[in-house]
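Accompanying notes for the structure given below.
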Amino acid sequence: MEQTYPIIENLKHKLIKEIKEKLLLNIDFNDNNFKNLSINFPKNKQLGDLATNAAFILAGLMSISPLKAAELLVEIIISKWDEAEKVSIAAPGFINFFINKKFLIEQLKIIALKKEKYGQTNQGQDIKIQIEFVSANPTGDLHIGHGRWAALGDSLCNIYEANGFNVWREYYVNDYGTQIKIFTECVISLYLKAFNIKYTYPKEGYPKNLVQSVVQEIISKYNDKFLNDIKFYIKHSVKSAVKSVVKSDIESKIKQDIKLNKNSNINSDINAGIKQDNSSGNNLDSNSDIEPHINLDSIEKFQQLAIDIMIDRISSTLLSMGVSFDKWFKESSLYKNLNFDKILKELDDKNLVYEKDGALWFKTSEYGDDKDRVIVRSGGEPTYFASDIMYLLNKKSRGFDKLIYILGADHHGYVKRIHAIGKAFNFDDEKIKIIIGQLVRLVKKGKAVKMSKRKGKIFSLKDLIDDVGRDAIRYFFSLNSFDTPMDFDIALAKKKSNTNPVYYVQYAHARIANVFNKMLELYLDSKLVYDKNRIEFSNLLESELGKDLNNSDFLNNLDFLERISKKILDNFNYDELNLKNDDEVDLAKFLIFYPDTLLDACLNDAPYLVNQYLYKLANKFHYFYKHNRIIDQQKLNIDRLILILTVRVVLANAMKILGVSTPIKM
């Protein structure tokens, strides 16, 4: 399939092609000569809609002045374009031109016919990209920063999809390691407590109210099903209640302990964390009914139950803001089926590792990292970096052409080490992109709201969604680039006025819906004055509603608005579209550059560009609405109706990219 380009990108390709064909026939050059050629919006709009620096590129190739080069470009190429009119040159060699009105009308027709697909390109055809984002530990509620990365990550996925990429959304679940060990110990402590058995709660444990809610879910479904296995497992653990490892890693230790204690008092090895509760009658003395065996599947299931409960809560919170994933990838899966041993052997075969101080090190410094990194600690435990290696190799094995990691503000050290892994395994370095999201400060009544995860009351992402709503969350979090810290003003996000940017944008859509409904109401009352030769409402409405047009229940219905708008746009003769004043032309011109914005947002991993475009479009529409009547004393201006319906198409498409709804009432 031939690649399709938005207007500016298309004009750029067209200009380079014609320069080569018409001006550089006998001159040596290569495509790198044109990498800095640009077509963009001039600062002074009085000079034109677009401007190019092509004359400066050509001047260097032809050894002539930029002004002379500009004259050649205008005379031989740009003045001949159907897209351009009123071409001019500004010293020292910039070329400015306006969009031709006939071309503008053709582009409005494209908007009308493509509708929800308008803005899409096929730049990423046949390219499989994986975008990993949020990936918070399943040990607590999501915080505000996670919400920002979720909004930006999901919007970025939408942008890549709109540009033809095959996008795979993935959440990496950190269900392996120290934090999971602590979290599981917390769950075990409160689970045992529910059955009157005391077990010390970790000093650095997670908030008890959170853990208690997890325990209550487990008990409500399984009651005491795991009790004996947990008690027995604790007795035969070395020092801690739970090791965050898979079943095969602990099986040999448990079996060995059982064999040694078969004919002895197994309670002599009880972990110091267990205390007898004399008031309960439940104790772990030598007369206990515990069988000298353990169901390892049961222990593993208990830990996974606790983790899965937290994953479900995280998923539910993200779904409430319109974010979902193709896969929830568990870190623990990387260590199953002796996979880690296989990776270590592969690293050793490639001479990528060495031993020092009893630990195993990866030679990351040879691949651009600041220093070498430990894979296996001296005690034999794998590090987080070991998981990073296996996860990247897993992604590579799944055939992704490009990988994007969206990580938190505390992950700057990951950039070089992840790239080092890729280089060591011959993964094209340019196909790995690591985006570091910056922090969010939540502001309420002029004061910062604390968001500590471990201690005290936290203001979670769910709290914020419940307080301000999904639309405000999605829009505000996409206002700025990933690398810019931001303040989230709760009061502003809740305002029902034009000072609230998301309200301002949604109000533009609602205003168009209001005009549409007013038009239909006048038509149903036989009061609408319009040119029936240009548009015939009776056929359009009867096809949707049948002969009975007296029922007005369909008014203020988004689905009906979209269906009838589609029919109007599909049946209109665009050769008759007449944009008479500057406001109409200016609004139309802004619409046709939406695909360029969408492509720029993709090339720069910048959802905020769509956000900025959306706000400017809303601003232009509100100005147009204030100064130009679509219905004036019951008389419909059909050209303006078509124009605002195309505005609605672009508004809706851009709002969908950002995950913001399109209300018809405000």
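The values are calculated or read from the model by the stated rules, or taken from the named source; none is laboratory data. Note that the structure is a prediction, hence the values are computed from the model and not measured. Methodologically, a virtual Cβ is constructed for each residue, glycine included, from the backbone with ideal geometry; neighbour enumeration extends over all protein chains shown. Heavy atoms of the whole protein, side chains included, go into the accessibility calculation; ligands, DNA and RNA do not. Shrake-Rupley method; radii C 1.70, N 1.55, O 1.52, S 1.80 Å.
One table, with the values for the structure above:
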quantity: Checklist (1) in a loop (DSSP other than H, G, I, E, B); (2) under 28 Å from His146 (Cα atoms) applied to Met390, failing item; calculated: (1)
quantity: Verdict on Thr178 being open to solvent by less than 40 Å² (accessible area, probe 1.4 Å) and polar (S, T, N, Q); calculated: no
quantity: Enumeration of residues in segment 188-206 that are farther than 13 Å from Ile234 by Cα and hydrophobic (A, V, I, L, M, F, W, C); calculated: Leu190, Ala194, Phe195
quantity: Residue match in segment 638-650 (condition: in contact with a His (Cβ under 9 Å, 6 or more places away or on another chain), basic (Lys, Arg) and open to solvent by 10 Å² or more (accessible area, probe 1.4 Å)); calculated: yes
quantity: Hey, Leu156 among the hydrophobic types (A, V, I, L, M, F, W, C), in contact with a Phe, Trp or Tyr (Cβ under 7 Å, 6 or more places away or on another chain) and open to solvent by less than 10 Å² (accessible area, probe 1.4 Å) or not; calculated: no
quantity: Condition broken by Ser333, with the remaining ones in (1) surrounded by fewer than 20 Cβ atoms within 10 Å (Cβ to Cβ); (2) not in a helix (DSSP H, G or I) satisfied; calculated: (2)
quantity: Of residues in segment 518-528 being exposed (fewer than 15 other Cβ atoms within 10 Å of the Cβ) and either of a type in the set (Ser, Thr, Tyr) or within 17 Å of Arg563 (Cα to Cα) (or both), the one farthest from the chain's Cα centre (by Cα); calculated: Ser526
quantity: Leading residue by the ranking (surrounded by the most Cβ atoms within 10 Å (Cβ to Cβ)) among those in segment 1-38 that are assigned to a helix (DSSP H, G or I) and hydrophobic (A, V, I, L, M, F, W, C); calculated: Ile19
quantity: For Thr139: the one exception among (1) open to solvent by 20 Å² or more (accessible area, probe 1.4 Å); (2) farther than 30 Å from Ser661 by Cα; calculated: (1)
quantity: Residue match in segment 302-312 (condition: more than 17 Å from Leu393 (Cα to Cα), of a type in the set (Gly, Ala, Ser) and buried (at least 19 other Cβ atoms within 10 Å of the Cβ)); calculated: yes
quantity: Checklist (1) exposed (fewer than 15 other Cβ atoms within 10 Å of the Cβ); (2) in contact with a Gly (Cβ under 7 Å, 6 or more places away or on another chain); (3) not in a loop (DSSP other than H, G, I, E, B) applied to Glu430, failing item; calculated: (2)
quantity: Some residue of segment 65-76 being surrounded by fewer than 17 Cβ atoms within 10 Å (Cβ to Cβ) and in contact with a strand residue (DSSP E or B) (Cβ under 9 Å, 6 or more places away or on another chain); calculated: yes
quantity: Of residues in segment 529-544 being closer than 16 Å to Ile568 by Cα and touching a residue at least 60 places away in the same chain (Cβ under 8 Å), the one surrounded by the most Cβ atoms within 10 Å (Cβ to Cβ); calculated: Tyr530
quantity: Boolean, Pro42 is open to solvent by less than 60 Å² (accessible area, probe 1.4 Å) and touching a Pro at 6+ places or on another chain (Cβ under 6 Å); calculated: no
quantity: Residues satisfying the stated conditions in segment 97-132, i.e. part of a helix (DSSP H, G or I) and open to solvent by 40 Å² or more (accessible area, probe 1.4 Å); calculated: Lys101, Lys102, Glu106, Lys109, Ile110, Leu113, Lys114, Glu116, Lys117
quantity: Lone unmet requirement of (1) under 21 Å from Glu116 (Cβ atoms); (2) at pLDDT below 90 for Leu541; calculated: (1)
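The rows are residues; the columns are (1) at positive phi; (2) open to solvent by 20 Å² or more (accessible area, probe 1.4 Å).
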site	(1), (2)
Gly48	yes, no
Asn53	no, yes
Val134	yes, no
Gly147	no, no
